[in-house]
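Colleague: Quick one: the structure is below, questions incoming.
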Amino acid sequence: MNFNLRVWRQKTGEGKGGLVDYKATDVSPHTSFLEMLDVVNERLAEKGEEPIAFESDCREGICGTCSLTIDGEAHGPDHPGAACQLYMRRFKDGATITVEPFRARAFGVVKDLVVDRGALDRIVQAGGFVSARSGSAPEANSILVPKHDADLAMEAAACIGCGACAAACPNASAMLFTSAKVSHLALLPQGRPERTERVLRMVAQMDAEGFGNCTNTYECEAVCPAEISASFIAKLNREYAMATLRKRAGE
Amino acid sequence: MIGTLESKVPSGPLASKWSGYKDHARLVSPANRRKLEVIVVGSGLAGGAAAATLGEQGYHVKCFCFQDSPRRAHSIAAQGGINAAKNYQNDGDSVFRLFYDTIKGGDFRSREANVYRLAEVSNLIIDQCVEQGVPFAREYGGLLANRSFGGAQVSRTFYARGQTGQQLLLGAYQSLCRQIDAKTVSMFPHTEMLDLVLVEGHAKGIITRNLVSGKIEVHAADAVVLATGGYGNVFYLSTNARGSNVTATYRAYKKGALFGNPCYTQIHPTCIPVSGQFQSKLTLMSESLRNDGRVWVPAKKGDQRAPSEIPDTERDYYLERKYPSYGNLAPRDISSRSAKEACDDGRGVGPDGRGVFLDFADAIGRLGEKTIRERYGNLFDIYEKITGEDAYKQPMRIYPAVHYTMGGLWVDYNLMSNVPGLHVIGEANFSDHGANRLGASALMQGLADGYFVLPYTLPTYLAGQIGKRPAVDHPAFRQAETEVRARIQKMVNVYGTRTVDSFHRELGLLMWDKCGMARNASGLREALGRIPALREEFWGNVRIPGTGEEYNQSLERAGRVADYLEFAELMCIDALERDESCGGHFREEHQTPEGEALRNDEKFAAVFAWEFQGNGAIETPRLHREALSFESVELAQRSYK
Ligand SMILES: Cc1cc2nc3c(=O)[nH]c(=O)nc-3n(C[C@H](O)[C@H](O)[C@H](O)COP(=O)(O)OP(=O)(O)OC[C@H]3O[C@@H](n4cnc5c(N)ncnc54)[C@H](O)[C@@H]3O)c2cc1C
Ligand code: SF4
Ligand code: FES
């Protein structure tokens, strides 16, 4: 198969960028999208040109490193799945494919297709944890957790932290990401004692990082490789409202 | 020069060694902890857990990872589960049994006391993770659920869907975030360690490169902990993440740390086969598939018919034929080797003949497609995504792939290497899995080391180090920094004609061929002849576009490949020296008449720990042996017939 690529090139975070045309020729349909880019990069390096910078690590959809917007869609057309799980057989021979970085106000471009998602880490640092000191835990089966709660918590906890939700959102909101962590921990008895403080701090941090508000467009859910449900955003809103009330009541 | 290797295993009966140790270990007072700094390289299960726990204890911790976030460490990809001796299923499990299964699974090539301690703390790990909010699978009554895994007769594996590694890592990551928030841990993501700094023989710092800016930086500390994972990517293709590397441990080796059992690698039998020259990594298909899938190849060589057209009588269900009692559930090393044999014999399937069928037709006939879909639906989906084939309609094609490295830096009972102050935890050390690791025990080891062992053993070193931290302008730092800069410059300056990846691929193929699933003396000698030539070509002809002073992925990879090009040689030397078969190390010269691994306990019940012999002498490391003695188990030949 052959493809015309239009790839975002930007030397540094401060500099200006633009789309540059490349050809990917003789590509097997069984090649993954990232492997196709690998091959383009090999050719560029052979010619002495600078390869296209893009990040990946696990290449099986779990680490959340890859972060490409392909033909305008975060992670490309094959949902649910991360860009590293996309295969060329998904495209028409001869197609023109545009590749850009994840774009959101809170994600600065580092180089080409690489963005800085440190903001997501800082949201978790603002209380996205249970304060469990090593060695202080009670016997694991001493607190029963209904299977339904555990399963739902797992669904929320499955978030891979890729940031596609924010990249797809017209407001560049990180609500899906934040709601997944808030919900995961609020659904489990171990996470409840800190739930008030947690949701208030995490939301404040999200705002401070420059993520926008949620206006219920559901673009996030559509691109999420971990199939995080937008219903967790509703849960986040409830948690937040309750926490605000509790705070006001001086609890 | 290093004298005899001291494992520093405490005296006393096996079951009370660790508690006795803890009762008498030196402590550091809270006031002094504030004065001590610890470098932790790695944020996977081992490094993340260690950094968080040491931070909680009040030390100043600097934690490093090469990914853009600590949450992306390779541990995230582990699927199956984590073992613990809770005996929740009331099926007769105990600490001793977990210990015994692990030591037997390792083919009696690991240190008894370390393995026992691992089994002992396994239960604390589950308590700890549940308290952090890890959403383990549960039964309807709200109790924790378990599943069984290879190499055990009890059900002791805890899991969170097929994403256990992810959930355990996020637990550790969140604890790490809590300490970052509390300012006891400083996190350095996108930062790669390029060298270890010794001051008066003690590990007192590291040299790093900021992968975004290209800046070389020096960090001093009172102790250094390496938790940098395994080196499976020496084979280029493996189930490891793309960035997994040997650089940190290999650099430490070149500074005098001994490398233990480098040749011990685990090949996982059920992975999706290689398809084409540009494949960048291999994907694991959970071993659980072998519960219902039947493995076969055509009986005739070169049979090109579609699988559905090959009648049962012309198929060879080779595992069922060779191992009637274990059948398709034969252990990892044995299943892997049998697949290789069938393909070497010209009976492999798929485009390039390197694959075998894993067939669910019988199971679907017996249980119905719905049941199979419930059990393995997500795996069938992954398979279809990657291959474009529907495994409900035609058999899967699978082939073994490199998965885990049991070898690593040598450590004593304190998890300290022979270099004072340098501690090594998780997959990066050699310690607990002998010559073969059982499923669900790497996660256990990483978290055991990080949460429950290192936090007790590290203080015994630190207690004597208060006030001894060198300043970063100490000449040792200057020298190491100069060397790192010179090496980068040298690499960039070559500007030849071959890409970094082309060298890595060539090295990987060679290693897979000569030092992979089966090894023999002449193949290993051949590899030892070819690696130096490839290395020389690398340093004369590699092309790295761009400079060292910017974000440069070619340069990142080149540094790792350069180290693999040296390390590969050490692996082959070790594989040649270990003139026996054990676990994942199969020397064709040493097999039973039935083709099973044949150990030689008299000569090789020992750890091989290699010492680097100075510059320009990559090929002549010095061997140290740590004899393994077994007080509580009897050495037996493994049999799965
Ligand atoms: C596909 C797959 C499935 C698996 N499934 C299971 C399972 O079900 N059960 C089980 O028990 N085990 C499983 N394993 C094995 C297990 O996942 C690993 O052995 C374990 O997670 C390793 O943890 P670690 O903390 O030692 O290292 P890693 O998680 O590999 O972390 C290494 C860390 O070191 C950092 N690092 C490395 N080099 C440098 C450097 N030079 N400078 C700075 N930082 C560096 C990295 O950034 C990373 O943070 C699986 C492995 C694979 C590949
Ligand atoms: S919620 Fe989904 S899209 Fe957003 S970070 Fe998590 S996995 Fe990615
Ligand atoms: S590279 Fe890990 S999710 Fe894509």
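Colleague: Anything in the range B:208-232 that is under 19 Å from B:G407 (Cα atoms) and in contact with a strand residue (DSSP E or B) (Cβ under 8 Å, 6 or more places away or on another chain)? List them, or say none.
Modeller: Scanning the range B:208-232 gives B:V225, B:L226, B:A227, B:T228, B:G230, B:Y231, B:G232.
Colleague: Right, here's the next one. Out of the range B:228-272, which residues are in a loop (DSSP other than H, G, I, E, B), open to solvent by 10 Å² or more (accessible area, probe 1.4 Å) and under 14 Å from B:M193 (Cα atoms)?
Modeller: Correct list: B:T228, B:G229, B:S244, B:N245, B:K255.
Colleague: Would you confirm whether any residue within the range B:437-452 is more than 30 Å from B:A605 (Cβ to Cβ) and either modelled with pLDDT of 95 or more or outside any helix (DSSP H, G or I) (or both)?
Modeller: Yes, there is a match, as at least one residue in the range B:437-452 is more than 30 Å from B:A605 (Cβ to Cβ) and either modelled with pLDDT of 95 or more or outside any helix (DSSP H, G or I) (or both).
Colleague: Moving on. Which count do you get for residues in the range A:53-63 that are within 16 Å of ligand 1 (Cβ to nearest atom) and either closer than 22 Å to A:P170 by Cβ or open to solvent by 10 Å² or more (accessible area, probe 1.4 Å) (or both)? Spell out how you get there, then give the answer.
Modeller: Step one: list which residues in the range A:53-63 are within 16 Å of ligand 1 (Cβ to nearest atom), which gives A:55-63.
Then drop every residue that is not either closer than 22 Å to A:P170 by Cβ or open to solvent by 10 Å² or more (accessible area, probe 1.4 Å) (or both), which leaves A:55-56, A:59-62.
Count: 6.
Colleague: Quick check on my filter: what residues within the range A:45-64 are facing chain B (nearest Cβ under 8 Å) and in contact (Cβ under 8 Å) with a residue 12 or more places away in the chain?
Modeller: Across the range A:45-64, the qualifying residues are A:A53, A:E55, A:S56, A:C58, A:R59, A:E60, A:I62, A:C63, A:G64.
Colleague: Which condition from (1) touching a strand residue (DSSP E or B) at 6+ places or on another chain (Cβ under 9 Å); (2) more than 12 Å from ligand 1 (Cβ to nearest atom); (3) part of a loop (DSSP other than H, G, I, E, B); (4) open to solvent by 10 Å² or more (accessible area, probe 1.4 Å) is the one that B:Y399 breaks?
Modeller: (3)
Yes/no per residue for (1) in contact with a His (Cβ under 8 Å, 6 or more places away or on another chain); (2) within 27 Å of B:G165 (Cα to Cα):
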position	(1), (2)
B:G276	yes, no
B:L284	yes, yes
B:E287	yes, yes
B:K300	no, no
B:E309	no, no
B:D345	no, no
B:G348	no, no
B:G353	no, no
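Colleague: If you don't mind, there's one more thing I want to ask. Quick check: is even one residue across the range A:203-216 more than 16 Å from ligand 2 (Cβ to nearest atom) and farther than 22 Å from A:D116 by Cα?
Modeller: Yes: one or more hits.
Colleague: Please go through the range A:57-75 and give me each residue that is more than 13 Å from ligand 2 (Cβ to nearest atom) and not in a strand (DSSP E or B), ordered by number.
Modeller: Matches in the range A:57-75: A:D57, A:C58, A:R59, A:E60, A:D71, A:G72.
Colleague: When both residues are 6+ apart or on different chains and their Cβ atoms are under 8 Å apart, which pairs have a first residue that lies in the range B:217-231 and is within 18 Å of B:A241 (Cα to Cα), and a second that is of a type in the set (A, V, I, L, M, F, W, C) and within 16 Å of ligand 3 (Cβ to nearest atom)?
Modeller: What qualifies is B:G229/B:A73.
Colleague: Kindly provide the set of residues from the range B:482-507 that are charged (D, E, K, R), open to solvent by 30 Å² or more (accessible area, probe 1.4 Å) and either assigned to a helix (DSSP H, G or I) or free of Cβ contacts under 8 Å to residues at least 40 places away in the same chain (or both), ordered by number.
Modeller: Within the range B:482-507, B:E483, B:R485, B:R487, B:K490, B:R505, B:E506 meet the criteria.
Colleague: Further question on the same structure: Out of B:L534, B:L510, B:L524, report the one residue that is touching a residue at least 24 places away in the same chain (Cβ under 8 Å) and more than 30 Å from B:I334 (Cβ to Cβ).
Modeller: Details: B:L510 fails: more than 30 Å from B:I334 (Cβ to Cβ); B:L524 fails: more than 30 Å from B:I334 (Cβ to Cβ).
When all the criteria are applied, what remains is B:L534.
Colleague: Out of everything in the range A:66-90 that is open to solvent by less than 40 Å² (accessible area, probe 1.4 Å) and touching a residue at least 60 places away in the same chain (Cβ under 8 Å), what residue ends up being farthest from B:L169 (Cα to Cα)?
Modeller: For the range A:66-90, the residue satisfying everything is A:M88.
Colleague: Hey, another quick one. Looking at (1) within 30 Å of B:N87 (Cβ to Cβ); (2) buried (at least 24 other Cβ atoms within 10 Å of the Cβ); (3) at pLDDT 95 or above, which one does B:D127 not meet, given that it meets all the others?
Modeller: Of everything listed in (1) within 30 Å of B:N87 (Cβ to Cβ); (2) buried (at least 24 other Cβ atoms within 10 Å of the Cβ); (3) at pLDDT 95 or above, B:D127 misses just condition (2).
Colleague: Oh, and also: Helices (runs of 4 or more DSSP H) wholly in the range B:1-67 with at least 3 residues that are exposed (fewer than 14 other Cβ atoms within 10 Å of the Cβ) - which ones?
Modeller: B:17-24
Colleague: State which residue is nearest to the other protein chains (Cβ to nearest Cβ) when the search covers only the range A:99-124 and only residues that are buried (at least 22 other Cβ atoms within 10 Å of the Cβ) and part of a helix (DSSP H, G or I).
Modeller: Within the range A:99-124, the match that is nearest to the other protein chains (Cβ to nearest Cβ) is A:V124.
Colleague: Another question, if that's okay. Take the range A:100-114 and flag every residue that is of a type outside the set (K, R) and within 17 Å of A:L37 (Cα to Cα).
Modeller: Listed by number, the residues that qualify are A:E100, A:P101, A:F102, A:D112, A:L113, A:V114.
Colleague: B:R543: open to solvent by 20 Å² or more (accessible area, probe 1.4 Å) and within 14 Å of another protein chain (Cβ to nearest Cβ), yes or no?
Modeller: yes
Colleague: Every residue in the range B:338-367 that is assigned to a loop (DSSP other than H, G, I, E, B) and under 26 Å from the mean Cα position of the chain (by Cα), please.
Modeller: B:R354, B:G355 - these are the residues of the range B:338-367 that are assigned to a loop (DSSP other than H, G, I, E, B) and under 26 Å from the mean Cα position of the chain (by Cα).
Colleague: Which of the numbered conditions does B:I216 fail, given that it passes all the others? Conditions: (1) out of contact with any Ser or Thr (no Cβ under 7 Å at 6 or more places or on another chain); (2) within 13 Å of chain A (Cβ to nearest Cβ); (3) open to solvent by 10 Å² or more (accessible area, probe 1.4 Å).
Modeller: Against the list (1) out of contact with any Ser or Thr (no Cβ under 7 Å at 6 or more places or on another chain); (2) within 13 Å of chain A (Cβ to nearest Cβ); (3) open to solvent by 10 Å² or more (accessible area, probe 1.4 Å), B:I216 comes up short only on (2).
Colleague: Could you say whether any residue in the range B:269-277 is more than 15 Å from A:R59 (Cβ to Cβ) and either of a type in the set (V, I, T) or within 12 Å of ligand 1 (Cβ to nearest atom) (or both)?
Modeller: Within the range B:269-277, one or more residues are more than 15 Å from A:R59 (Cβ to Cβ) and either of a type in the set (V, I, T) or within 12 Å of ligand 1 (Cβ to nearest atom) (or both).
Colleague: So is A:L37 open to solvent by less than 20 Å² (accessible area, probe 1.4 Å) and either facing another protein chain (nearest Cβ under 9 Å) or closer than 30 Å to A:Q205 by Cβ (or both) or not?
Modeller: Here the answer is no, as A:L37 does not meet what is asked.
Colleague: Going through the range B:78-126 one residue at a time, which ones are among the hydrophobic types (A, V, I, L, M, F, W, C) and on the phi > 0 side of the Ramachandran plot?
Modeller: Within the range B:78-126, just B:F108 meets the criteria.
Colleague: Filter the helices (runs of 4 or more DSSP H) completely within the range A:132-251 down to those with at least 2 residues that are among the aliphatic types (A, V, I, L, M) and under 28 Å from B:D381 (Cα atoms).
Modeller: A:147-157, A:164-168, A:175-186, A:219-223
Colleague: Specify which of the listed residues (A:C159, A:C169, A:C165) is within 16 Å of ligand 3 (Cβ to nearest atom), more than 12 Å from chain B (Cβ to nearest Cβ) and open to solvent by 10 Å² or more (accessible area, probe 1.4 Å).
Modeller: A:C165
Colleague: Does the range B:69-111 hold any residues that are more than 16 Å from the chain's Cα centre (by Cα), touching a residue at least 24 places away in the same chain (Cβ under 8 Å), within 14 Å of chain A (Cβ to nearest Cβ) and open to solvent by 20 Å² or more (accessible area, probe 1.4 Å), and which are they?
Modeller: Selection gives B:K86, B:N87, B:Y88, B:Q89.
Colleague: Would you please list the contacts, defined by Cβ atoms under 6 Å and residues six or more apart or on different chains, that run from a residue in the range A:190-215 that is assigned by TED's automatic domain parsing to the domain that holds A:T244 to a residue that is open to solvent by less than 80 Å² (accessible area, probe 1.4 Å) and among the charged types (D, E, K, R)?
Modeller: These pairs meet every condition: A:Q190/B:E131; A:T196/A:R246; A:V199/A:E239.
The values are calculated or read from the model by the stated rules, or taken from the named source; none is laboratory data. Model, not experiment: these values are computed from the prediction. Positions of Cβ are generated from backbone atoms using ideal geometry, with glycine treated the same way; all protein chains shown enter the neighbour counts. Please note that ligands, DNA and RNA were not included when accessible areas were found on the heavy atoms of the full protein model with its side chains. Shrake-Rupley method; radii C 1.70, N 1.55, O 1.52, S 1.80 Å.
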